[in-house]
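Here the structure comes first, spelled out in structure tokens, and everything after it is commentary.
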Amino acid sequence: MARLEIEGPCKLRGEVSIHGAKNSALPLLAACLLCNGECILHNCPGLSDVDICIRILEHLGCKVKRSGSDVAVDATALTHSDIPDYLMREMRSSIVFLGAILTRAGQARLSLPGGCELGPRPIDLHLAALRKLGVKIKESHGCMQCTTGSGLVGSDISLSFPSVGATENIMLTAVCAKGITVIHNAAREPEICDLAHFLNRCGAHITGAGEGTIIIDGVQSLHGCEHTVIADRIAAATFMAAAAVTGSHIALRNIIPRHLASVLPIFEEAGCSCYLNGNDLEIIGPERLRPMKLVRTMPYPGFPTDAQAPVMTMAALADGNSMFVETIFENRYKHVCELVRLGAKIKLEGRVAIIEGVPELYGTNVGAAELRGAAALVVAGLAANGKTCVYGLKYLDRGYEHIEESLSQLGAVIIRK
Ligand code: UD1
């Protein structure tokens with residue numbers, strides 16, 4: 001079975017360029033569906049989730065050309081308005097295509113999405129909001145049949161939770177709806193701003209992205225544009241964690257420092273020295289990490305749930321006890337039992353994890369059950385004594401572009417088998 005073999009402990013040195021953000025690339029690819037004419041996305045990461053989006057676009061009738069990190073999408077001639085079950089099951093985020101397909105085709109047929117197992121992950125907020133915009137939805141046997149009836153109409157929508165995916169779906173549905181849509185308690189993540197920038201460049205009228213209230217003044221149509229995907233703040237946090245646990249000095253290139261504003265203080269609390277210079281960050285891990293008093297995941301601008309697992313590996317090696325509270329997903333501690341196999345001391349009670357730092361971890365076989373948990377195990381393997389084999393690479397490949405190559409270039413002894 002495919003695995004990464006890591007011979008630890010490793011010392012890292014050098015620089016790594018951070019790839020484009022997975023969580024931006026996916027809604028941006030869905031947004032390309034809305035445009036008359038070609039869209040070109042630069043800095044589009046080479047990830048399996050991006051490949052699935054491209055397969056969805058091709059199924060719908062788009063012409064997609066990929067060249068390195070550039071992806072060109074021409075959605076002029078759509079032929080389908082459904083997403084086959086096998087593609088929906090591959091990735092929960094495929095739900096973000098719903099709004100875009102409805103806007104283009106007036107109808108959509110999707111099965112209920114799959115994806116990482118982080119708890120129930122319902123889509124009730126998406127569906128309630130789309131209904132407010134005039135979408136008729138019939139759900140039966142795990143399938144949704146949606147139509148726009150007499151057309152999409154702008155509306156006032158209040159989200160009970162600032163869901164990232166729901167905010168994106170509303171934007172993609174409202175952008176060409178008749179009249180004005182206001183999203184209250186919208187998600188404020190940088191990926192929402194990236195989507196709004198892209199859509200505005202295509203001719204949309206969206207204001208307030210990045211704040212709690214987004215206003216979308218529907219337009220008749222959108223045209224193509226070129227856009228560069230923002231840097232992946234979670235990949236950045238993962239490489240920072242790798243430097244932190246190995247006491248290494250590395251430089252991260254092409255980051256967006258303000259997107260890491262809630263992450264940097266945690267690394268500094270753990271004893272890392274971080275130096276920002278434009279879009280670069282140098283990080284030096286200490287000889288022994290200090291514990292983190294409290295890491296509480298929150299919607300942006302709070303500490304990201306996606307960085308929780310890699311940062312927990314740091315806590316596992318700290319000189320004292322740390323507490324983590326996961327408030328976003330109810331089942332996001334699947335990496336814990338695998339970290340324990342490597343010698344970590346972690347107790348779980350519901351959404352709280354208490355981590356009693358140990359001086360060393362010891363390599364063994366571990367299996368990932370979701371994307372960021374996989375990253376946490378790779379980070380742990382870099383610090384652990386001896387050989388760590390990380391299985392479950394299909395999860396890792398969803399969000400990290402050739403991570404073993406980047407880590408090898410930094411000096412890690414890591415191979416994919
Ligand atoms: C996105 C990110 C994911 C990140 C998450 C939170 C993408 C592709 N994925 O996921 O990496 O971890 O944001 O920052 O961008 N919820 C509902 N009903 C809904 C929608 C969500 O109850 O209709 C709940 C979810 O179960 C979860 C919480 O809200 O507990 C957050 O979900 P949401 O913000 O929607 O995350 P995603 O968009 O799925």
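The values are calculated or read from the model by the stated rules, or taken from the named source; none is laboratory data. These numbers were taken from a predicted model, which means no experiment stands behind them. When we count neighbours, we look across all protein chains shown, and the Cβ atoms used for this are built from the backbone with ideal geometry, even at glycine. To get the accessible areas, we keep the full protein, side chains included, count just its heavy atoms, and leave off ligands, DNA and RNA. Shrake-Rupley method; radii C 1.70, N 1.55, O 1.52, S 1.80 Å.
Key figures
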{"quantity": "Of all accessible heavy-atom area on the chain, the percent that carbon and sulfur account for (1.4 Å)", "calculated": "50"}
{"quantity": "Convex hull volume per residue in cubic angstrom - Cα atoms of the stretch 305-350", "calculated": "71"}
{"quantity": "Chain lengthening between V340 and I137 when straightened (0.36 nm per residue, less Cα-Cα)", "calculated": "68.6 nm"}
{"quantity": "Compactness of the stretch 204-330, expressed as Rg and Dmax over alpha-carbon positions, Å", "calculated": "17.5, 59"}
{"quantity": "Protection-proxy order for peptides 365-376, 272-283, 166-177, each taking the mean of Cβ atoms within 10 Å per residue, highest first", "calculated": "166-177, 365-376, 272-283"}
{"quantity": "Of K11/K417; K63/K334; K136/K394, those spanning more than 31 Å from alpha-carbon to alpha-carbon", "calculated": "K63/K334; K136/K394"}
{"quantity": "Relative contact order of the stretch 232-386, defined on C-alpha pairs under 8 angstrom at six or more residues apart (%)", "calculated": "22"}
{"quantity": "Dipole of the stretch 270-416 [Lys/Arg +1, Asp/Glu -1 at C-beta], most positive-end residue of G392, V352, L294", "calculated": "V352"}
{"quantity": "Overall form of the stretch 261-368 per C-alpha gyration tensor (a/c, 1.5; a/b vs b/c)", "calculated": "oblate"}
{"quantity": "Within straight-line cross-link reach of K132, lysines at Cα separation under 24 Å, skipping those fewer than 8 residues along the same chain", "calculated": "K178"}
{"quantity": "Cα centre as origin, Lys/Arg/Asp/Glu Cβ charges: the stretch 336-391 dipole, Debye", "calculated": "40"}
{"quantity": "GNM top mover of L348, L396, L26 - the chain, alpha-carbon springs below 10 Å", "calculated": "L348"}
{"quantity": "Cα gyration tensor, the stretch 271-318 - rounded (a/c under 1.5), prolate or oblate", "calculated": "oblate"}
{"quantity": "Hypothetical label at N365: residues of the stretch 385-413 whose amide nitrogen lies under 11 Å (7 Å Cα-Cβ projection)", "calculated": "389-391"}
{"quantity": "Kirkwood-Stokes translational diffusion coefficient of the chain, alpha-carbon pairs, 37 °C, 0.692 mPa s, µm²/s", "calculated": "151"}
{"quantity": "Sum of side-chain charges, A77 neighbourhood, beta-carbon under 14 Å (Lys, Arg +1; Asp, Glu -1)", "calculated": "-1"}
{"quantity": "GluC sites (Glu not before Pro) within the stretch 1-55: DSSP coil, no more than 12 neighbouring Cβ in 10 Å", "calculated": "none"}
{"quantity": "Within the chain, percent of DSSP bridges classed antiparallel, to nearest 5", "calculated": "70"}
